[in-house]
Amino acid sequence: MRTTVDSRALPQHVAIIMDGNGRWASKRLLPHNAGHRAGAQNLRKLSEEIERLGIKYLTVYALSTENWARPEKEVQGLIKLMHEYFQQYIDDSKKNDMKLTFIGDVSRFEPDLRQKIETLKTLTKEKKGLHVTLAINYGARDELARAARKLAEEGTYIDEETLTRTLDGFPTPDPDLLIRTGGEMRLSNFMLWQLAYAEMYFTDILWPDFGKKDLNAALEWFGGRARRFGGR
Ligand code: IPE
Ligand code: IPE
Ligand code: MG
């Protein structure tokens, strides 16, 4: 079995819609939040593997602007999980080389969670390892509307370049590969602008079950794509 992927064909930036936590939990007769917990654990494990493979950027969809519509108990569970995991990432930052940044409107969160986000960004600012971007309270339409509003208020001319550099994740390059687990073939308001030329890989595997060999299968598939960007 291959344990590494041809580095010439590696994507520079992988984006993941981590879907299927709820179904993973239901299958085990567990509450929905147990699925989110298993999903968060899987992210920790898989990001280490992604770093090991030499991929430079990883962006993950963790909470959408639409997910607030879920039952209060589930939303509270997700916030609690973010607190716990952000704290773990803060503790890890002493020995880890990962850089953590965020996209989405974080002003919606309580000050104590925003404080953890700021601490994480500051602690990992100069790190040279995998750059992980967490999309929380993220919606592509909200991101684009906020960017356009900012440019209009400044009186800046709006074109592709000014809009690109006003989006939340700038200057991270666009994703080359999008992976969505959980069987749905849709974007659910994720990075609509940045995914313009990404290769898209959909799998039925539920996010907490998506392991190293599944990642390898996605990377192998990516390596076989002919990317033309509209050219010949
Ligand atoms: C994705 O898992 C994680 C979040 C949306 C926070 P889901 O909770 O959507 O899992 P399914 O789609 O119900 O299985
Ligand atoms: C997308 O999954 C959001 C995240 C993974 C955070 P959803 O489960 O919210 O998407 P839909 O509702 O199936 O489109
Ligand atoms: Mg879902």
- Message: Take the conditions closer than 18 Å to Y197 by Cβ and surrounded by 14 or more Cβ atoms within 10 Å (Cβ to Cβ) and apply them to L167. Does it pass?
- Response: yes
- List, please: which pairs have Cβ atoms under 6 Å, are six or more places apart or on different chains, and start with a residue in the stretch 194-221 that is touching a residue at least 24 places away in the same chain (Cβ under 8 Å) and end with one that is among the β-branched types (V, I, T) and part of a strand (DSSP E or B)? Y201/I179; A218/I179
- Task: Starting from residues that are among the basic types (K, R) and over 25 Å from K56 (Cα atoms), keep the ones in the stretch 140-185 and report whichever is nearest to the chain's Cα centre (by Cα).
- Result: R141
- S64 vs. criteria touching a residue at least 12 places away in the same chain (Cβ under 8 Å), within 16 Å of ligand 3 (Cβ to nearest atom) and crowded, with 18+ Cβ neighbours inside 10 Å: yes
- Could you look through the stretch 160-218, keep only residues that are aromatic (F, W, Y) and touching a helix residue (DSSP H, G or I) at 6+ places or on another chain (Cβ under 8 Å), and pick out the one that is nearest to V132 (Cα to Cα)? F170
- Message: Yes or no: the stretch 45-61 includes at least one residue that is within 13 Å of ligand 2 (Cβ to nearest atom), more than 14 Å from the chain's Cα centre (by Cα), touching a residue at least 60 places away in the same chain (Cβ under 8 Å) and surrounded by 16 or more Cβ atoms within 10 Å (Cβ to Cβ).
- Response: no
- A25 passes all but one of (1) over 24 Å from V106 (Cβ atoms); (2) within 12 Å of ligand 3 (Cβ to nearest atom); (3) surrounded by fewer than 19 Cβ atoms within 10 Å (Cβ to Cβ); which number fails? (3)
- Task: Have a look at Y85, Y157 and point out the one that is surrounded by 14 or more Cβ atoms within 10 Å (Cβ to Cβ) and of a type outside the set (A, V, I, L, M, F, W, C).
- Result: Y85
- With the stretch 124-227 as the region, which helices (runs of 4 or more DSSP H) entirely inside it contain at least 1 residues that are at pLDDT 95 or above, aromatic (F, W, Y) and farther than 30 Å from W68 by Cβ? 212-223
- Message: The conditions are (1) basic (K, R); (2) assigned to a loop (DSSP other than H, G, I, E, B); (3) modelled with pLDDT of 95 or more, and R232 fails exactly one of them. Which is it?
- Response: (3)
- Query: Out of (1) surrounded by fewer than 16 Cβ atoms within 10 Å (Cβ to Cβ); (2) within 12 Å of ligand 2 (Cβ to nearest atom); (3) not hydrophobic (A, V, I, L, M, F, W, C), what's the single condition that is false for T181?
  - Reply: (1)
- Read through the list (1) more than 18 Å from the chain's Cα centre (by Cα); (2) within 14 Å of V14 (Cα to Cα), then give the number of the only condition that R228 fails. (2)
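The values are calculated or read from the model by the stated rules, or taken from the named source; none is laboratory data. This one's a predicted model, so the numbers in the text were calculated from it and none came from an experiment. Positions of Cβ are generated from backbone atoms using ideal geometry, with glycine treated the same way; all protein chains shown enter the neighbour counts.
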